[in-house]
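What follows is one structure encoded as structure tokens, with my remarks underneath.
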Amino acid sequence: MLALNDLYKGYGGTPVLRGLKLAVEDGEILCLLGPSGCGKSTALRLIAGLETPDTGTITVDGQVIINTPIHERGFGLMFQDFALFPHLNVFDNAAFGLRMHGIPKAEIQRRVSEVLELVRLAGFEKRSVGELSGGEKQRVALARSLAPEPRLLMLDEPLGSLDASLRTQLIGEIREIIKTAALTAIYVTHDRGEAFSVSDRLGLMNNGKIERIGTPNAVYDHPKTVFSAAFLGFNNLLSAQELAALGIVVEAPEEKGVRLIHPSGIQISGDQGIAMQITEAIFEGERYRLQVSKADIQLSLSAPAAGQRFEIGETVQVEIDSRWVQALSESA
Ligand code: ADP
């Protein structure tokens with residue numbers, strides 16, 4: 001549906017987007033995930049038409065839209081701060097975009113009722129947005145961006161200003177609402193948990209480009225590059241020599257470059273494994289975060305607590321499944 005072809009954009013000589021390529025399919029929720037400053041919001045602003053790229057094109061269903069004015073693109077945008085109008089009630093906030101488009105009153109009434117129902121705010125029409133909770137405000141903002149039936153919905157860190165427990169609760173709701181409305185959406189976040197929960201596919205961005213793209217499971221299971229692995233919090237990166245020192249057989253050991261021991265392939269085992277010493281043990285309730293070492297090699301892993309206690313200095317058997325040892329490339 002939407003394609004970004006080799007987008008470049010800089011500010012005052014500093015490049016922000018460096019050849020961004022992306023294709024968004026009809027009906028999918030695509031998440032742009034990446035560290036702060038990598039260019040996610042800039043990409044959204046270019047798609048929305050708030051800014052123009054230095055070079056490169058944006059197409060919708062094959063048509064170049066670079067010169068299409070913002071309001072003719074038919075895209076909806078929802079920001080982190082919601083940008084609600086504090087002096088308007090819930091109904092008028094949700095109706096805002098429709099009024100801008102000169103939609104007849106009866107149609108506005110029908111459409112606003114429909115979207116307020118969808119975001120579970122039916123009955124809130126007359127309430128002032130100032131007296132709503134953070135989660136409710138967020139749903140009003142979502143209703144407002146859904147009301148004009150955008151052909152593409154863009155959400156920029158929509159849960160960014162809410163506390164962690166509310167974010168976890170709302171992320172599932174947002175996905176359900178977007179799916180119920182059968183929308184195509186681009187969701188921007190720097191939070192990998194949020195990205196995994198909301199997206200059909202996610203594009204991991206680094207330095208103005210897509211570094212890795214795929215389903216959340218594919219990206220998690222096979223990060224492929226050093227940056228992606230680090231961004232996902234995977235830190236067991238070893239050379240072939242170090243793996244050999246641990247007795248792990250790798251394919252093509254002569255090849256330089258680092259290998260990742262994926263978190264899915266490392267665990268504490270009862271008896272068989274590599275004897276390693278615990279150098280750090282952090283109890284997190286359900287699980288322990290452990291650092292273990294042997295010779296000069298340090299590994300980290302997570303182990304179910306299940307009534308056990310792990311102590312620093314203790315020797316444990318670490319089992320590594322070589323099927324989860326992956327070569328990583330320096331960059332995409
Ligand atoms: P992200 O959304 O991934 O955090 P942004 O796209 O907001 O990143 O910003 C990328 C970089 O571009 C940042 O370093 C930011 O300071 C810079 N930037 C964004 N907008 C402007 C602007 N209007 N003028 C100058 N620099 C900007």
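The values are calculated or read from the model by the stated rules, or taken from the named source; none is laboratory data. Predicted model, so just to flag it, every value in this text is computed and none were measured. Every residue, glycine among them, receives a Cβ derived from its backbone with ideal geometry; neighbour counts consider all protein chains shown. The protein model used for the area step is the full one, side chains on, heavy atoms only, and it has no ligands, DNA or RNA in it. Shrake-Rupley method; radii C 1.70, N 1.55, O 1.52, S 1.80 Å.
Length available on full extension from residue 26 to residue 275: 0.36 nm per residue minus the Cα-Cα distance, which gives 84.5 nm. Kirkwood hydrodynamic radius computed over the chain comes to 22.4 Å, based on all pairs of distinct alpha carbons. Judged by the gyration tensor of its Cα atoms, with axes a ≥ b ≥ c, the range 122-258 is prolate; a/c meets the 1.5 cut and a/b is the larger of a/b and b/c. For the range 236-332, the set of trypsin sites (Lys or Arg not before Pro) satisfying both a DSSP loop assignment and a count of at most 14 other C-beta atoms within 10 Å is given as 256, 309.
Restricting the range 20-123 to trypsin sites (Lys or Arg not before Pro) that sit in a DSSP loop and have at most 14 other Cβ atoms within 10 Å of their own Cβ leaves 120. Taking the chain as a Gaussian network of alpha-carbon nodes connected by springs under 10 Å, the highest mean-square fluctuation of the residues 93, 207, 217 belongs to 217.
Taking all protein chains as they are arranged and a probe of 1.4 Å, the heavy atoms of residue 191 leave approximately 50 Å² accessible to solvent.
Only DSSP H runs of four or more residues enter the estimate; each adds -39500 (n - 2.57), and after division by the residues of the chain the mean residue ellipticity at 222 nm equals -8000 deg cm²/dmol.
Potential lengthening of the chain between residue 5 and residue 241 amounts to 80.9 nm, from the contour at 0.36 nm per residue minus the alpha-carbon distance. Accessible surface area normalised per residue over the range 2-230 is 44 Å², counting heavy atoms of protein chains with a 1.4 Å rolling probe.
For an R0 of 45 angstrom, estimate the FRET efficiency from the Cβ-Cβ distance between residue 309 and residue 107 and round to the nearest 0.05.
0.10
Counting only residues at least eight positions apart within a chain, or on another chain, the lysines with an alpha carbon under 20 Å from that of residue 40 are 9, 21, 209. When only C-alpha pairs under 8 Å and at least 6 residues apart count, what is the relative contact order of the range 235-328, in percent? Relative contact order comes out at 36 percent. P(r) for the range 5-78, from all Cα pairs and a bin width of 10 Å, is 17, 54, 27, 1 %, short bins first. Among 100, 1, the sequence by solvent-accessible area, most first, with a 1.4 Å probe is 100, 1.
Using the Cα gyration tensor of the range 55-206, with a ≥ b ≥ c the square roots of its eigenvalues, what is the shape: rounded (a/c below 1.5), prolate (a/b larger than b/c) or oblate (neither)? Oblate is the answer for the range 55-206, as a/c is 1.5 or above yet b/c matches or exceeds a/b. Residues considered: 58, 174, 278. Largest GNM mean-square fluctuation over the chain, using C-alpha springs under 10 Å, is found at 278.
Here residue 105 is the anchor, and the lysines within straight C-alpha reach of less than 29 Å, apart from those fewer than 8 places off in the same chain, are 126, 137, 179. Distance between the C-alpha centres of the range 20-85 and the range 152-212: 14 Å, rounded to the whole angstrom.
Compared with the direct C-alpha span, the chain from residue 289 to residue 321 gains 9.6 nm at full extension, assuming 0.36 nm per residue. Of the GluC sites (Glu not before Pro) in the range 168-261, the ones in a loop by DSSP (not H, G, I, E or B) with at most 16 other beta carbons within 10 Å are 251, 254, 255.
Classify the range 191-307: rounded, prolate or oblate, from the alpha-carbon gyration tensor (a ≥ b ≥ c, eigenvalue square roots; a/c under 1.5 rounded; otherwise prolate if a/b is larger than b/c)? Note, shape of the range 191-307 comes out oblate. Could you please state how large a percent of the accessible area of the chain is carbon and sulfur, counting protein chains only and using a 1.4 Å probe? Carbon-and-sulfur percentage of accessible area, whole number: 50.
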